[in-house]
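Novice: The structure under discussion is supplied below as structure tokens; questions concerning it will follow.
The values are calculated or read from the model by the stated rules, or taken from the named source; none is laboratory data. Please read all numbers here as calculations on a predicted model, not as lab measurements. So basically every Cβ, Gly included, is an ideal-geometry build from the backbone, and we count neighbours across all protein chains shown. For accessibility, only protein heavy atoms count, side chains too; no ligands or nucleic acids. Shrake-Rupley method; radii C 1.70, N 1.55, O 1.52, S 1.80 Å.
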Amino acid sequence: MSDSIRINSTGKKIQVNDSGDFITLELKNTTFMSGLIGLMRELEADSKTLLSQIPQTEGNSVEEVSAAMSQAAEVCGKLAARTDEVFGTGTCRKVFGEQAPGIYEFADFFGQIGALVRKYGEEEAARAAEAIEKYKEKYAGKR
């Protein structure tokens, strides 16, 4: 019989609606974390662009307001696709329902996700430090 090991790489499941749907935060997965950070940066840049246009639409023609709304829909559609890419297909439907989310909904979602990432990240760092200390106590200098 051969030896075997198993690495615990499960993420944190987060309930996102009253129907019991979940998404998973893969905090130990560097690809997930890179994607999440990139997505949050995109949200920040896109929201600045969109929010800067809001005061400019006052007194504008219907066509100008329509163009601004079209741009907002395009940006939010892109954010929705990227959110599903990072978190998994169907994430936006689970989180936002059947409606197309706007920039405020994305900001709310990522504000809440950011708080959870910090919380779970701190917990994981403490567990990792504890595991390293146990390893050092048990194996350091015993070669």
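Novice: Evaluate the distance, in nm, between pseudo-label points positioned 7 Å from the Cα of residue 115 and of residue 22 along their respective Cα→Cβ axes.
Specialist: Those two pseudo-labels are separated by 2.1 nm.
Novice: Moving on. Using label points projected 7 Å from each Cα along Cα→Cβ, tell me how many nm separate residue 45 and residue 61, to one decimal.
Specialist: Placing both labels 7 Å beyond Cα along the Cβ direction yields 3.1 nm.
Novice: Can you give the relative contact order of the chain as a percent, counting alpha carbon pairs under 8 Å and 6+ residues apart? Spell out each step's value before the answer.
Specialist: Working: 82 pairs, mean separation 31.8, N = 143.
Value for the chain: 22 percent.
Novice: In Å and whole numbers, how far do the C-alpha atoms of the stretch 1-141 stretch along each principal axis, longest first?
Specialist: For the stretch 1-141, the Cα extents along the three principal axes come out at 75, 31, 26 Å.
Novice: Go through 35, 132, 103 and say which Cα lies farthest out towards the positive end of the charge dipole of the chain; charges sit on Cβ, +1 for Lys and Arg, -1 for Asp and Glu.
Specialist: 132
Novice: Taking all protein chains as present, what is the carbon and sulfur share of the accessible area of the chain, in % to the nearest whole number, probe 1.4 Å?
Specialist: It is 53 percent, rounded to a whole number.
Novice: Taking 22 Å as the cut-off for C-alpha to C-alpha distance, list the pairs among 13/94; 12/119; 12/48; 28/134; 48/119 that go past it. Walk me through the numbers before you get to the answer.
Specialist: Numbers: 13/94 13 Å; 12/119 11 Å; 12/48 30 Å; 28/134 20 Å; 48/119 27 Å.
Over 22 Å apart, Cα to Cα: 12/48; 48/119.
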